[in-house]
1. Can you name the residue in segment 37-64 that is charged (D, E, K, R) and within 15 Å of Val1 (Cα to Cα) and is also least open to solvent (accessible area, probe 1.4 Å) among such residues?
2. Can you run down the residue pairs with Cβ atoms below 7 Å, 6 or more apart or on separate chains, where the first is in segment 59-76 and without any contact (Cβ under 8 Å) to a residue 24 or more places away in the chain and aliphatic (A, V, I, L, M) and the partner is open to solvent by 90 Å² or more (accessible area, probe 1.4 Å) and not in a helix (DSSP H, G or I)?
3. Only residues that are open to solvent by 60 Å² or more (accessible area, probe 1.4 Å) and part of a loop (DSSP other than H, G, I, E, B): list them for segment 79-94, please.
4. I'd like the residue in segment 1-36 that is outside any helix (DSSP H, G or I) and surrounded by 12 or more Cβ atoms within 10 Å (Cβ to Cβ) and, out of all such residues, is modelled with the lowest pLDDT.
5. Take segment 65-92 and flag every residue that is under 19 Å from Pro5 (Cβ atoms) and β-branched (Val, Ile, Thr).
Amino acid sequence: VTEAPLHLGAFARVSSSANNVRLQLSLHGITEAMTERFGIALHECNNTTIRKHFLGVANMGERRETKKAIIRRAQMLGYMPKDRDDDNQADAIATWDWACATFGQVVPSELHLFESRR
């Protein structure tokens with residue numbers, strides 16, 4: 001499972017350079033090529049769907065607040081140490097969690113509501 005690449009309008013909103021756009025799309029192309037080469041099914045999911053699954057909502061307002069919420073959720077679930085604040089790692093964890101729930105149909109051993117631990 002991979003997060004679908006951003007559309008060009010989204011790159012413009014986050015002020016990405018042409019080099020960043022090329023890098024992101026090239027990395028996605030490499031992922032597609034490798035999964036095709038080795039006969040692995042590639043599933044793309046957009047970040048809105050992943051965040052709705054992981055946070056319960058698509059965004060928390062500002063981009064920075066959404067990123068912080070993803071980090072807090074990953075930490076609360078024990079997927080990420082409390083002393084880490086890498087939003088890229090948290091995004092990868094959220095994608096992995098969505099994939100487990102969608103394709104693995106994993107049943108959690110504990111209930112973790114969105115901003116609390118029970």
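The values are calculated or read from the model by the stated rules, or taken from the named source; none is laboratory data. Predicted model, so just to flag it, every value in this text is computed and none were measured. Cβ placement follows ideal geometry from the backbone for every residue including glycine, while neighbour counts extend to all protein chains displayed. The accessibility values were calculated without ligands, DNA or RNA, using every heavy atom of the protein model including side chains. Shrake-Rupley method; radii C 1.70, N 1.55, O 1.52, S 1.80 Å.
1. Looking at the filtered set, the residue picked out is Arg51.
2. Correct list of pairs: Ile71/Asp85.
3. Tyr79, Pro81, Lys82, Asp83, Arg84, Asp85
4. If we take residues in segment 1-36 being outside any helix (DSSP H, G or I) and surrounded by 12 or more Cβ atoms within 10 Å (Cβ to Cβ), then Ser16 is modelled with the lowest pLDDT.
5. Hits for segment 65-92 are Thr66, Ile70.
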